[in-house]
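The values are calculated or read from the model by the stated rules, or taken from the named source; none is laboratory data. Keep in mind it's a predicted model, so treat the numbers as computed, not measured. We place every Cβ from the backbone using ideal geometry, glycine too, and count neighbours over all the protein chains shown. For the accessible areas, the whole protein counts, side chains as well, though only heavy atoms, and no ligand, DNA or RNA atoms are used. Shrake-Rupley method; radii C 1.70, N 1.55, O 1.52, S 1.80 Å.
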Amino acid sequence: MAAPPRTDARTDSYDLDDLRRRVLPQDGGTVDDTVPQLARADPGLCGMALALADGTVLASEQADAPVSVQSAVKPFLFALALLDTGGAALDRVGIEPTGEAYDAIKLEGGTGRPPNPMVNAGALLTASLVRGDDVEARSARVLEGLSAFAGSELAVDDDVARSEHLLGDRNHALAHLMRAEGALEVGADDAVAVYARACAVLVDARRLAVMGATLALGGRNPVTGDQVVPREVARDVVSVMATCGVYDGSGRWMRSVGVPAKSSVSGAVVLSATGVLGAAVISPPLDEQGTSVRGHVASELLSRELDLHAFGSRRG
Ligand code: GLU
């Protein structure tokens with residue numbers, strides 16, 4: 001029997017501008033103010049994109065508006081760490097959800113490892129595991145890897161990177177704690193520097209959707225055709241996005257949206273619907289869990305209208 005179709009006419013012709021118009025009236029939530037650059041974000045910004053398996057990218061108005069990627073970088077740092085360590089990164093970071101805030105000063109009991117790669121402790125660690133002997137080399141490797149996921153050359157916002165590095169007291173605390181536990185092998189300040197630069201990479205909905213699609217489609221970028229990471233790496237990353245990607249709201253997200261995703265304090269949400277598509281919504285006002293309010297509503301509608309729920313899909 002033929003394999004079920006992976007895209008369909010409904011997906012190919014989905015009207016993202018219409019979806020955007022429907023979610024724009026959702027004006028709840030507050031813009032993050034942990035660094036001054038984020039505090040200045042336009043609360044009315046709302047951009048969306050879908051990247052399909054055949055390389056088609058559908059985009060709404062404002063899909064090209066740039067924001068710093070922030071925590072939405074974490075799945076990709078995990079992927080690069082797995083790639084560059086030949087899988088050994090899995091011994092260095094846990095994969096269990098925490099039920100706590102993304103920047104909780106807490107490591108895994110007994111091992112001293114970070115609990116998972118989707119919270120700050122884990123991302124500080126995975127960023128330290130990418131190839132490179134010093135901060136500069138690791139930062140360059142991260143940027144090159146993220147660009148391969150996006151199929152487009154990405155850039156760092158240096159002002160944001162500086163603020164993240166200077167003001168990220170909890171990240172410095174986590175890095176020192178991991179040093180003390182023997183979990184982190186690079187200097188604490190170096191680890192924060194690489195992570196801060198990774199959070200400050202500029203993305204827009206269009207590029208972020210392609211990044212999500214690359215993970216959803218077994219590590220192969222559907223636009224460039226490059227195999228960015230092996231299929232097993234993409235599978236491991238998307239599995240952890242499913243259980244830990246939306247902060248301590250991951251359980252509610254999986255029930256209501258049912259698509260593995262990662263949210264971030266800049267209001268970016270990246271989604272990876274395995275075998276089908278990647279999606280991104282960028283809208284800065286956040287709910288109490290730190291997830292974009294419009295991003296959450298748009299993701300629920302997308303999931304329902306395109307039949308993407310991992311456990312409720314009627315596809316194939
Ligand atoms: N730069 C932020 C931090 O590490 C990222 C947090 C997020 O997006 O959740 O504090």
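The table below lists the values:
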item	result
Enumeration of residues in the stretch 233-248 that are within 16 Å of the ligand (Cβ to nearest atom) and either open to solvent by 30 Å² or more (accessible area, probe 1.4 Å) or more than 14 Å from Ala273 (Cβ to Cβ) (or both)	Val240, Cys244, Val246, Tyr247, Asp248
Among (1) in contact (Cβ under 8 Å) with a residue 60 or more places away in the chain; (2) open to solvent by less than 30 Å² (accessible area, probe 1.4 Å); (3) within 12 Å of Ala183 (Cβ to Cβ), the one test that Arg113 misses	(2)
Helices (runs of 4 or more DSSP H) (entirely within the stretch 1-67) containing at least 3 residues that are open to solvent by less than 30 Å² (accessible area, probe 1.4 Å), modelled with pLDDT of 95 or more and within 16 Å of the ligand (Cβ to nearest atom)	none
Members of the stretch 158-200 found to be closer than 22 Å to Thr34 by Cβ, more than 11 Å from the ligand (Cβ to nearest atom) and among the β-branched types (Val, Ile, Thr), listed by number	Val194
Set Ser283, Ser266, Ser292: member being within 16 Å of the ligand (Cβ to nearest atom), at pLDDT 95 or above and touching a Cys at 6+ places or on another chain (Cβ under 7 Å)	Ser283
Residue tally, condition farther than 30 Å from Gly109 by Cβ, crowded, with 19+ Cβ neighbours inside 10 Å and either free of Cβ contacts under 8 Å to residues at least 24 places away in the same chain or acidic (Asp, Glu) (or both), over the stretch 156-187	1
Residues of the stretch 85-105 satisfying the condition of being surrounded by fewer than 16 Cβ atoms within 10 Å (Cβ to Cβ), of a type in the set (A, V, I, L, M, F, W, C) and within 11 Å of Ala121 (Cβ to Cβ)	Ile105
Residue among Val203, Val210 that alone is among the aliphatic types (A, V, I, L, M) and within 16 Å of the ligand (Cβ to nearest atom)	Val203
Glu153 part of a loop (DSSP other than H, G, I, E, B) and surrounded by fewer than 24 Cβ atoms within 10 Å (Cβ to Cβ)	yes
Residue in the stretch 71-84 that is outside any loop (DSSP other than H, G, I, E, B), open to solvent by 20 Å² or more (accessible area, probe 1.4 Å) and in contact with a Pro (Cβ under 8 Å, 6 or more places away or on another chain) present	yes
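Conditions tested, residue by residue: (1) assigned to a loop (DSSP other than H, G, I, E, B); (2) away from the ligand (no atom under 16 Å from the Cβ); (3) within 17 Å of the chain's Cα centre (by Cα).
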{"position": "Ile105", "(1), (2), (3)": "yes, no, no"}
{"position": "Gly122", "(1), (2), (3)": "no, no, yes"}
{"position": "Arg138", "(1), (2), (3)": "no, yes, no"}
{"position": "Phe149", "(1), (2), (3)": "no, yes, yes"}
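Yes/no matrix, rows are residues, columns are (1) surrounded by 24 or more Cβ atoms within 10 Å (Cβ to Cβ); (2) modelled with pLDDT under 95; (3) of a type outside the set (Lys, Arg):
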residue	(1), (2), (3)
Tyr195	yes, no, yes
Val201	yes, no, yes
Leu208	yes, no, yes
Leu215	yes, no, yes
Gly218	no, no, yes
Thr224	no, no, yes
Gln227	no, no, yes
Arg231	no, no, no
